[in-house]
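As structure tokens, the structure follows; a few thoughts come after it.
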Amino acid sequence: MEDYIFTGSYYYQIDPKGRMRLPSSFRSMLGTHLRIGYGDGKYLVIYTDSSVQELREQRKAIDPYTQREQAKLFRDKFSSMKDFECDGQGRYTIPADFRNELDLKDEIVIAGNDQLVEIWSKYNFEHRDDDDIAYWRYDKKYLSDKQ
């Protein structure tokens, strides 16, 4: 994967057709062929060709018979991905099913997360810590059940 880091949180408008812009610093690092898919929470992730390739390599290392949950996670990631293309005016369109599922309307947040770019609804972004606590509790219970 390229040696770049996405940082910062940017508030942008999304129009009724789902069109949005990306921060110029992100656009220059992302390249031209992008995909978009669900993240591990209430957000979307923008994937570059190299990040998709990295996911493919990770998936190949999974034994689908003995590591079923990990295999399912990769299946869910790949099956949700769609092309994410820029129009002639520098806008990207988020597909309607993603917008509806995650309530992406009016104001959104584009957040850098190391080598990932995430797209959140403003509400979900500002309340993400509530979800982190819920995930932590689930993970803690899941791990204790495995011991």
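The values are calculated or read from the model by the stated rules, or taken from the named source; none is laboratory data. None of the values given here were measured: they were computed from a predicted structure. Heads up, the Cβs are rebuilt from the backbone with ideal geometry, glycines too, and the neighbour counts pull from every protein chain shown.
Of all residues in the range 70-116, those satisfying the criterion of being part of a loop (DSSP other than H, G, I, E, B) and free of Cβ contacts under 8 Å to residues at least 24 places away in the same chain are Gly88, Gln89, Asp103.
Inclusion of Gly18 among residues that are at positive phi and surrounded by fewer than 17 Cβ atoms within 10 Å (Cβ to Cβ) is not warranted. Right, Gln13: touching a residue at least 60 places away in the same chain (Cβ under 8 Å) and either surrounded by fewer than 17 Cβ atoms within 10 Å (Cβ to Cβ) or touching a strand residue (DSSP E or B) at 6+ places or on another chain (Cβ under 7 Å) (or both) or not? Yes.
Checked against (1) in contact with a strand residue (DSSP E or B) (Cβ under 9 Å, 6 or more places away or on another chain); (2) more than 17 Å from Val117 (Cα to Cα); (3) not hydroxyl-bearing (Ser, Thr, Tyr), Arg56 meets all criteria but (1).
At least 2 residues being over 15 Å from the mean Cα position of the chain (by Cα) and within 22 Å of Phe125 (Cα to Cα) is the threshold, and among the strands (runs of 3 or more DSSP E) wholly inside the range 2-69 those reaching it are 9-14. With respect to (1) buried (at least 18 other Cβ atoms within 10 Å of the Cβ); (2) closer than 19 Å to Leu104 by Cβ, the lone exception for Asp40 is condition (1). For the range 21-34, filtering for residues that are buried (at least 19 other Cβ atoms within 10 Å of the Cβ) and at pLDDT 90 or above leaves 2.
Which of the residues spanning the range 111-131 are within 20 Å of Glu101 (Cβ to Cβ), out of contact with any Gly (no Cβ under 6 Å at 6 or more places or on another chain) and either loosely packed, with under 10 Cβ neighbours inside 10 Å or at pLDDT below 80 (or both)? The answer is Asp130, and nothing else.
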